[in-house]
């Protein structure tokens with residue numbers, strides 16, 4: 001990777017940070033306003049909204065200072081490359097999205113299919129997606145999927161008397 | 001002396017020792033699973049002790065307790081995921097050390113530090129239980145609030161490379177702790193009518209999402225590395241038992257200081273191992289001659305965190321035995337177990353059931369010895385984790401995280417929270433935010449708010465925070481802590497600038 005590419009990557013990282021400061025600033029301002037609507041109690045000097053207001057006010061201030069500090073470090077030309085750099089990062093880290101997507105689907109399926117079946121599908125599917133595919137590794141993945149889905153469910157039910165979701169099907 | 005011998009005779013029976021051994025193994029295994037806390041392991045053990053003699057039952061639960069504090073170390077060192085909240089600081093150095101090719105040494109240092117931490121805390125427990133218990137009970141909400149303010153200044157030394165992002169992470173943690181019903185009046189806050197937010201964001205779900213999910217997902221960033229079948233950690237599977245024992249004992253100041261911090265924090269009701277490990281780590285870093293080595297695999301960091309969290313086991317028993325006040329959830333379960341057997345816990349416990357109290361002291365020492373033996377014998381097995389390829393371990397640990405999250409409250413909605421928090425955690429990690437201050441904020445937020453409001457409800461005069469001597473000492477310590485941290489940051493920045501300005505030869 002050339003020096004120019006590294007600089008471009010660093011600048012894109014700074015823009016991403018800048019966006020995170022903007023996001024945190026907007027959230028803290030919004031939540032500060034929400035906190036002002038929490039009614040005070042006549043039994044105490046500070047109401048339920050006082051502590052959150054303090055936290056969100058400090059957060060907005062720190063986010064604003066961080067924003068001002070970072071924006072000065074980014075050259076104007078960097079903004080033009082931001083989208084291209086973000087897409088390149090997403091392509092490089094595509095397995096991150098595979099993992100998070102699989103986990104989301106798995107968690108949504110647990111109440112429907114039950115822990116055992118949903119875990120079996122998740123474990124086998126994600127292992128196959130991540131592994132170097134050989135007959136041996138696929139067989140191992142299948143065994144692991146059965147042990148950590150039906151096996152784990154059995155251990156929790158029989159040994160710990162903790163019952164994992166059974167699903168509606 | 002007769003009571004001591006009676007207690008010892010009850011502990012040193014074959015049946016009790018076997019039960020304790022099983023308890024120790026169960027504690028280590030349970031705490032090694034992310035999301036499974038020491039408290040949960042003890043709750044699951046409680047019904048099994050009903051048929052036992054009172055001291056036998058307590059001894060088994062103490063074995064689970066001591067084993068559990070060590071178990072959290074395993075996933076912290078090998079996976080970078082704190083198995084329990086009390087091993088958050090252990091991940092800072094144990095994981096980098098394991099990644100640098102020394103997973104056996106990282107585990108071994110942690111186990112020995114845990115052992116010495118527990119033994120030291122038991123010694124303190126035996127000699128200082130009554131005076132420390134009396135001190136702890138005299139602290140009011142003013143002192144607690146000031147203590148939390150001091151603890152929050154620890155954020156300054158956990159901020160990582162950017163002080164601003166570290167502060168923001170700490171504030172995000174504090175903000176997360178405000179969601180749900182408020183701790184004093186029970187008013188709903190920031191739930192927007194969404195049912196899963198009404199009870200607040202459970203701390204353990206936040207911990208698993210922020211640390212475990214984000215860590216696991218970041219492991220698969222490099223597709224070529226994952227597809228090649230590489231393991232999470234590579235290096236020699238060498239436990240180096242005796243060599244590491246000497247290495248730990250060669251750092252007596254750090255060991256004793258961290259154990260004392262653990263005992264003191266453990267003795268305070270409501271605090272416990274989840275704070276002690278961070279405070280002990282912070283103090284070790286501040287007093288180190290090489291603070292820059294912390295976070296990169298420093299043995300001092302592991303020793304501080306592990307001896308600090310293990311020492312809270314003995315510290316927590318101080319108010320329980322001295323005053324009948326449980327200092328933590330685990331102590332409350334131990335108290336419940338005694339009450340099931342018709343023993344009332346309070347200041348008269350040591351007078352009416354001295355054999356039981358001495359038996360508990362002996363059980364603590366025996367439990368820590370058992371933990372050490374179990375750990376030394378089984379670490380080779382645990383170290384096999386390092387040989388498992390990423391493509392296998394990432395989905396399996398994710399499933400364990402899901403089970404741990406669900407088993408907390410038996411709520412499916414916690415699983416939905418997990419995915420939101422996991423994604424947020426990964427985004428923060430990818431952007432270079434330090435995650436430790438965030439967790440500290442979530443832990444300390446409710447304690448700070450409760451005590452601030454309770455103090456002002458008791459007396460509206462805010463100057464009491466400054467006029468009550470212990471409160472003032474904590475506040476002065478907080479100011480000193482901030483000044484120290486700012487000075488260290490400026491020093492570090494100057495040396496970095498000097499290095500970058502230096503001409504390259």
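Consider the stretch B:391-421 and keep the residues that are within 7 Å of another protein chain (Cβ to nearest Cβ) and farther than 21 Å from residue A:160 by Cβ. The one that is surrounded by the fewest Cβ atoms within 10 Å (Cβ to Cβ) is B:416. For residue A:86, the stated conditions do not hold, so it cannot be described as in a helix (DSSP H, G or I), surrounded by 19 or more Cβ atoms within 10 Å (Cβ to Cβ) and either touching a strand residue (DSSP E or B) at 6+ places or on another chain (Cβ under 6 Å) or in contact (Cβ under 8 Å) with a residue 24 or more places away in the chain (or both). The criterion of being in a helix (DSSP H, G or I) and at pLDDT below 90 holds for residue A:79. Here is the figure for the stretch A:102-112: residues that are within 13 Å of residue A:167 (Cβ to Cβ) and either more than 7 Å from every other protein chain (Cβ to nearest Cβ) or surrounded by fewer than 19 Cβ atoms within 10 Å (Cβ to Cβ) (or both) total 5. Taking (1) without any contact (Cβ under 8 Å) to a residue 24 or more places away in the chain; (2) under 26 Å from residue B:456 (Cα atoms); (3) within 10 Å of chain B (Cβ to nearest Cβ) in turn, residue A:31 satisfies each apart from (1). Taken over the stretch A:89-101, residues that are within 8 Å of chain B (Cβ to nearest Cβ) and in a helix (DSSP H, G or I) amount to 7. Only residues that are over 20 Å from residue B:204 (Cα atoms) and surrounded by fewer than 20 Cβ atoms within 10 Å (Cβ to Cβ) were counted in the stretch B:448-468, giving 12. Within the stretch A:65-79, one or more residues are facing another protein chain (nearest Cβ under 8 Å), under 30 Å from residue B:453 (Cα atoms) and touching a helix residue (DSSP H, G or I) at 6+ places or on another chain (Cβ under 8 Å).
Output yes when any residue across the stretch B:483-492 is closer than 23 Å to residue B:138 by Cβ, assigned to a helix (DSSP H, G or I) and modelled with pLDDT of 80 or more, and no when none is. No, because not a single residue in the stretch B:483-492 is closer than 23 Å to residue B:138 by Cβ, assigned to a helix (DSSP H, G or I) and modelled with pLDDT of 80 or more.
Only a single item in (1) over 26 Å from residue A:6 (Cα atoms); (2) at pLDDT 90 or above is not met by residue A:68, and it is number (1). Is it the case that residue B:118 is closer than 29 Å to residue B:425 by Cα and either surrounded by 24 or more Cβ atoms within 10 Å (Cβ to Cβ) or free of Cβ contacts under 8 Å to residues at least 40 places away in the same chain (or both)? No, not satisfied.
One residue stands out in the stretch B:354-390 among those that are within 14 Å of chain A (Cβ to nearest Cβ) and in contact with a helix residue (DSSP H, G or I) (Cβ under 6 Å, 6 or more places away or on another chain): the one that is nearest to residue B:344 (Cα to Cα), namely B:385. Of the residues making up the stretch B:329-346, those that are within 17 Å of residue B:85 (Cβ to Cβ) and either at pLDDT 75 or above or surrounded by 19 or more Cβ atoms within 10 Å (Cβ to Cβ) (or both) are B:330, B:331, B:333.
All of (1) within 30 Å of residue A:18 (Cβ to Cβ); (2) in contact (Cβ under 8 Å) with a residue 40 or more places away in the chain; (3) at the interface with another protein chain (Cβ under 10 Å from one of its Cβ atoms); (4) surrounded by fewer than 22 Cβ atoms within 10 Å (Cβ to Cβ) hold for residue B:429 with one exception: (3). Residue A:110 falls short of the stated requirement of being over 29 Å from residue A:19 (Cβ atoms), assigned by TED's automatic domain parsing to the domain that holds residue A:138 and out of contact with any helix residue (DSSP H, G or I) (no Cβ under 7 Å at 6 or more places or on another chain).
Please indicate, with yes or no, whether at least one residue in the stretch B:433-447 is facing another protein chain (nearest Cβ under 7 Å), touching a residue at least 24 places away in the same chain (Cβ under 8 Å) and surrounded by 18 or more Cβ atoms within 10 Å (Cβ to Cβ). Scanning the stretch B:433-447 turns up no residue that is facing another protein chain (nearest Cβ under 7 Å), touching a residue at least 24 places away in the same chain (Cβ under 8 Å) and surrounded by 18 or more Cβ atoms within 10 Å (Cβ to Cβ). Restricting the search to the stretch A:34-64, which residues are outside any helix (DSSP H, G or I) and more than 9 Å from every other protein chain (Cβ to nearest Cβ)? Residues satisfying the conditions are A:37, A:40, A:42. Per the listing B:381, B:369, B:349, the residue uniquely modelled with pLDDT of 85 or more and surrounded by fewer than 22 Cβ atoms within 10 Å (Cβ to Cβ) is B:369.
The values are calculated or read from the model by the stated rules, or taken from the named source; none is laboratory data. Please read all numbers here as calculations on a predicted model, not as lab measurements. As a convention, Cβ positions derive from the backbone with ideal geometry for all residues, glycine included, and neighbour counts pool all protein chains shown.
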